[in-house]
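**Q** Below is one structure. I have some questions about it.
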Amino acid sequence: VRYPGTALAASAVLNSGLAMFRSKEFERAADRLRQVPADSPNYAQAPLMTAVSRKELGRIEEARRALSDAQKVVGDGPLAADILFQRAQLERTDRQSAVAAQVFEDIAIRWPQDARVAECLFNATELRLELNELEAAERNWKSLEISYPQQAAQLREQILLGRLYLARKEPNKAIETLTRAVGNAEVPGSSVPPDRTLAVGRYYLVRTL
């Protein structure tokens with residue numbers, strides 16, 4: 001890197017690491033991102049993306065430590081929600097469902113205008129349901145349904161609603177909801193592949209019959 005020790009050099013190292021990440025060269029990306037000086041203006045991005053790289057490599061503990069480092073640097077700054085979202089995903093990957101659900105809920109409360117709030121509420125609802133914490137699951141679902149009605153009407157979300165009815169021991173509502181959901185082969189705006197989404201819906205529908 002030319003002009004070592006300058007803000008320009010630090011930016012070049014950061015951008016190089018980000019380019020490697022986008023190319024899915026996660027090991028190289030993590031190594032390069034660790035070279036970003038701690039006093040550079042955009043330093044917080046370095047431990048954040050180092051953590052994501054480590055997560056992609058399956059190195060959960062290293063990723064967790066990098067996220068902790070990033071959180072200390074950022075505090076309540078602009079990247080705080082990004083860091084916590086990655087933390088929630090990491091904890092879910094590591095099967096720490098209660099922790100993941102709590103972090104997703106924290107994001108929805110602290111940053112209600114964040115573009116990922118609907119996703120956080122969906123994830124928190126699903127995790128609480130899997131933990132058999134029905135009251136918390138229903139609370140998250142209600143927030144999703146009220147604040148994001150269009151998202152709540154999507155196939156994936158309606159399948160989750162059907163699962164909630166199953167947990168409530170309301171099989172008729174579950175059958176009605178799931179039948180309507182899986183009958184819709186189109187999933188506009190869904191981030192989950194349609195075939196997989198429909199397979200999940202059919203699985204839960206069969207369970208109700």
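The values are calculated or read from the model by the stated rules, or taken from the named source; none is laboratory data. Predicted model only: the values in this text are computed from it and were never measured. Backbone-built Cβ (ideal geometry, glycine too); neighbour counts: all protein chains shown. Side chains included, ligands, DNA and RNA excluded: accessible areas come from the protein's heavy atoms. Shrake-Rupley method; radii C 1.70, N 1.55, O 1.52, S 1.80 Å.
**Q** Which whole number of Å³ per residue matches the convex hull of the alpha-carbon atoms in the chain?
**A** Convex hull volume per residue, Cα atoms: 128 Å³.
**Q** Moving to a separate point now. Taking the 0 to 90 degree range and rounding to the nearest ten, how far is the long axis of helix 171-182 tilted relative to the main principal axis of the chain, both from C-alpha atoms?
**A** The answer is roughly 60 degrees.
**Q** Same structure, new question: Ignoring ligands, DNA and RNA, what accessible area per residue does the chain give at 1.4 Å, in Å²?
**A** 55 Å²
**Q** Taking just the alpha-carbon atoms of the stretch 107-159, what radius of gyration and Dmax come out, in angstrom?
**A** 10.3, 29
**Q** Gaussian network model of the chain, Cα springs within a sub-10 Å range: biggest mean-square fluctuation belongs to which of 63, 12, 136?
**A** Ranking 63, 12, 136 by mean-square fluctuation puts 12 first.
**Q** Also, I was wondering about something else. Would you work out if the stretch 47-146 is rounded, prolate or oblate? Take a ≥ b ≥ c from the square roots of the eigenvalues of the alpha-carbon gyration tensor; rounded if a/c is under 1.5, else prolate when a/b is larger than b/c, oblate otherwise.
**A** oblate
**Q** In the neighborhood of residue 84, defined by Cβ-to-Cβ distances under 9 Å, what is the net charge if each Lys or Arg adds +1 and each Asp or Glu adds -1?
**A** For residues surrounding residue 84, the net value is 0.
**Q** If you rank 20, 49 by how much accessible surface each has, with a 1.4 Å probe, what is the order from largest down?
**A** If we order 20, 49 from most to least accessible, we get 49, 20.
**Q** May I pose another question? Extending each Cα 7 Å along its Cβ direction at residue 24 and residue 65, get the distance between those two points in nm, one decimal.
**A** A separation of 2.8 nm, rounded to one decimal place.
**Q** Right, another one. Given a 1.4 angstrom probe, I'd like the percentage of the accessible area of the chain that is carbon and sulfur, rounded to a whole number. Before the final figure, lay out the partial values.
**A** Numbers: 5780 of 11510 Å².
About 50 percent, which is the carbon plus sulfur part of the accessible surface.
**Q** Residue 142 accessible area, nearest 10 Å², 1.4 Å probe?
**A** 100 Å²
**Q** Still on this structure, I have one more. Please give the FRET efficiency for residue 31 paired with residue 8, using the beta carbon to beta carbon distance and R0 = 22 Å, rounded to the nearest 0.05.
**A** Here the calculated transfer efficiency is 0.60.
**Q** Still on this structure, please answer the following. If I stretch the segment between residue 98 and residue 168 completely, what's the gain in nm (0.36 nm per residue apart, minus their alpha carbon distance), one decimal?
**A** 23.2 nm
**Q** When a/c reaches 1.5 or more, the comparison of a/b and b/c decides; with that in mind, is the stretch 1-70 rounded, prolate or oblate per its Cα gyration tensor?
**A** It comes out oblate by the Cα gyration axes.
**Q** Rounded to the nearest 0.05, what FRET efficiency do residue 113 and residue 146 have when you use their Cβ-Cβ distance and R0 = 22 Å?
**A** After rounding, the FRET efficiency stands at 0.90.
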